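The values are calculated or read from the model by the stated rules, or taken from the named source; none is laboratory data. What you see is a predicted model; the values in this text were computed from it and never measured. Please note: Cβ atoms are built from the backbone with ideal geometry, for glycine as well, and neighbour counts cover all protein chains shown.
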Amino acid sequence: MSGSEGHLQGPRPEERLRGPSSAGRRSATEADWLLERRRFGQIEPLSPFRFHRVPRVIISRTLVVPAAAAGLAVVSAWLALNYDLRPALAIFASMLGGIVVLAEPYIGVVGYYFMAFIRPQETFWGFKEARFTLLISVATLVAAGLQYAVRPDFGFLMRRQNFFILLLWLSIFLSTLYGDFGGPEPKWMDYYNKMFIMYFMLIGLTTSEKKLYWLAWVLIVSIGYLGWWGNERYFLDGWNIVHGPGMPGAAFYDENAFSMVIVMGVPFVWYMMRTTRSRFIQIGLIGLIPIMAHTVMLTFSRGGFLGLAATMAIIALRERNRKLGGAIIACGLVFFALLAGEEYKNRIGSIENYERDRSAEGRLESWEAGIKMAVHNPFFGVGLNRYLEAFPYYSVHQPRVAHNSWVQIGAECGLAAVASYGFLVLFTMTAIRRIRKRIPLLPEESARYAEMLANAYLVSMIGYLVCGFFLSMEDFEFFYLLVGMVQILDRVTETRVREALVRRATAPPVEPRKSEPEMVPA
């Protein structure tokens, strides 16, 4: 079964329209009704969230709601008596969220990625020890498991991207066992396990353009807040160079990683602004872009600068309104000239003179050592998170990380891992190309969503590839989220086109209007 067809579950739409009582083709109305009778896991029609779809797995809904309400009332009273207000509210919200996730597992997907990017345990006071993403991922996994146990349907897994996700996951694990410097990495394996499990929850539970649309809003709100947070640190707290939230070792704590998050979020803000019909939201999104761009500048990341420049250039070149595209480039140049200080300009200017820049020379030396590691250890690499430990055996220079996603993953996890990573990039870009070709064939509302999302995914992926060439971000969760979202949109648009063809084939023929007889004068 080919990768482009393997996601189809159950009979084809054409086969659903055949039945023992049909003497010919069914009417278009009945065809529409049949096409929407899909099992769990299949593509859904355009629709908002449906919270009332509580899975009747253990007991009926009429018993679930009163029991849940009574339980929450008891827990609320106990928390109010034994805890301070803030932790009590956090625990209560977590429990309430778990019940909502059981009712609609997709909410767990949205909540997980929202918490993974906004990181409240590091950006809000009082939540330092909270592990929101772990709690949400467990609740989502349980809810999805219950639904799949009742209505098993795993056809969405039959895609080439998922094979390479599994191969990459296996290569990372094997590198901890059989790499030359390999050893137990429980913390990192927990991170990878949670990330890949939520990837499969994402592609299984996100089944329509509308759900992808709301997920895009989650990214805009969370990453937009990070941009605002970065400016607060500079203007209110007096930070000279802004890094990500949390402590060293936290996700995107490093200045370069933090700038990459912001860069990848900018295309979502721009294309949502171009798609939304609310003037108020448009103004808010336009104002958010310079805030995010300024945050990238505050990180002093040259890779972030190149990624931001690439994304804005692609947005301007792909803009249908040529005047607006030119205005984007002009505003970008003016913004840089007015807000970039001399120190930042000198740092960006050092990109051209990389031969005399010690940092750039160090990266080239590290790339050379990393390539040697991959060549000498082609199957399992030197071991996950063992790059610095192995560095002295392959270079006489000062040990440092690769600062290149391709070199880092190939050196640590072997050639199968870097090949899987490369195929994920390739198949994601080709899937975006297929989606764009289908847009003229889609219904109007579906086409509007698909075009906005495809453009955002494409430019965000370009920003990631530009930044990732100068950073070791092969473990960046946003990349795998992009791979999953593109795969979902590819699956949805293919089904939409097939449904449109079925509706067209089953529509009753339009009889030509009979012309009235001409009046002949007596």
From the list 247, 189, exactly one residue is part of a loop (DSSP other than H, G, I, E, B), surrounded by fewer than 17 Cβ atoms within 10 Å (Cβ to Cβ) and in the same structural domain as residue 340 (by TED's automatic domain parsing). Which is it? 247
Read through the list (1) under 17 Å from residue 383 (Cα atoms); (2) under 21 Å from the mean Cα position of the chain (by Cα); (3) polar (S, T, N, Q), then give the number of the only condition that residue 176 fails. (2)
Mind checking which residues of segment 319-352 are loosely packed, with under 11 Cβ neighbours inside 10 Å and basic (Lys, Arg)? 320, 322, 323
A careful count of residues in segment 488-501 that are more than 15 Å from residue 156 (Cα to Cα) and surrounded by fewer than 20 Cβ atoms within 10 Å (Cβ to Cβ) gives 4
Which residue out of 412, 451 is farther than 18 Å from residue 479 by Cβ, assigned to a helix (DSSP H, G or I) and touching a helix residue (DSSP H, G or I) at 6+ places or on another chain (Cβ under 7 Å)? 451
Taking segment 368-386 and keeping residues basic (Lys, Arg) and not in a helix (DSSP H, G or I) leaves 386
Kindly establish whether residue 442 is in the same structural domain as residue 319 (by TED's automatic domain parsing), among the hydrophobic types (A, V, I, L, M, F, W, C) and within 15 Å of the chain's Cα centre (by Cα). no
Checklist (1) closer than 19 Å to residue 455 by Cβ; (2) surrounded by fewer than 17 Cβ atoms within 10 Å (Cβ to Cβ); (3) of a type outside the set (A, V, I, L, M, F, W, C) applied to residue 284, failing item: (1)
Over segment 234-253, the set of residues in contact (Cβ under 8 Å) with a residue 12 or more places away in the chain, more than 21 Å from residue 478 (Cβ to Cβ) and not hydroxyl-bearing (Ser, Thr, Tyr) is 239, 241
Could you tell me whether residue 314 is touching a Pro at 6+ places or on another chain (Cβ under 9 Å) and either assigned to a helix (DSSP H, G or I) or under 22 Å from residue 451 (Cα atoms) (or both)? yes
Listed by first then second residue, the pairs whose first member lies in segment 404-425 and is buried (at least 23 other Cβ atoms within 10 Å of the Cβ), whose partner is charged (D, E, K, R) and not in a helix (DSSP H, G or I), with beta carbons under 6 Å and at least 6 positions apart or on separate chains, are 405/474; 408/474; 409/474
Please give the number of the condition residue 503 fails out of (1) of a type in the set (D, E, K, R); (2) farther than 20 Å from residue 206 by Cα; (3) within 14 Å of the chain's Cα centre (by Cα). (3)
Within segment 202-225, how many residues turn out to be in a helix (DSSP H, G or I) and either in contact with a Ser or Thr (Cβ under 8 Å, 6 or more places away or on another chain) or acidic (Asp, Glu) (or both)? 6
Within segment 387-396, restricting to residues that are part of a loop (DSSP other than H, G, I, E, B) and buried (at least 16 other Cβ atoms within 10 Å of the Cβ), the one that is modelled with the highest pLDDT is 394
Quick check on this structure: which one of 264, 272 is in the same structural domain as residue 227 (by TED's automatic domain parsing), within 27 Å of residue 345 (Cα to Cα) and either part of a helix (DSSP H, G or I) or not hydrophobic (A, V, I, L, M, F, W, C) (or both)? 264
Matching residues in segment 226-244 (assigned to a loop (DSSP other than H, G, I, E, B), more than 20 Å from the chain's Cα centre (by Cα) and either outside the structural domain of residue 454 (by TED's automatic domain parsing) or within 23 Å of residue 216 (Cα to Cα) (or both)) number 0
Conditions first: (1) surrounded by fewer than 23 Cβ atoms within 10 Å (Cβ to Cβ); (2) over 18 Å from residue 466 (Cβ atoms); (3) in contact with a helix residue (DSSP H, G or I) (Cβ under 7 Å, 6 or more places away or on another chain). Residue 298 passes all but one, so which condition is the exception? (1)
(1) more than 23 Å from residue 106 (Cβ to Cβ); (2) without any contact (Cβ under 8 Å) to a residue 60 or more places away in the chain; (3) under 23 Å from the mean Cα position of the chain (by Cα) all hold for residue 184 apart from (3)
In this structure, does residue 284 turn out to be outside the structural domain of residue 105 (by TED's automatic domain parsing), out of contact with any helix residue (DSSP H, G or I) (no Cβ under 9 Å at 6 or more places or on another chain) and farther than 21 Å from residue 476 by Cα? no
Any residue in segment 482-493 that is under 13 Å from residue 452 (Cβ atoms) and in contact (Cβ under 8 Å) with a residue 12 or more places away in the chain sitting within a Cβ distance under 9 Å of a residue that is in a helix (DSSP H, G or I) and basic (Lys, Arg)? List the pairs, counting only those 6 or more apart or interchain. 493/434; 493/438
Among residues belonging to segment 275-311 that are outside any helix (DSSP H, G or I) and farther than 20 Å from residue 232 by Cα, point out the one that is modelled with the lowest pLDDT. 277
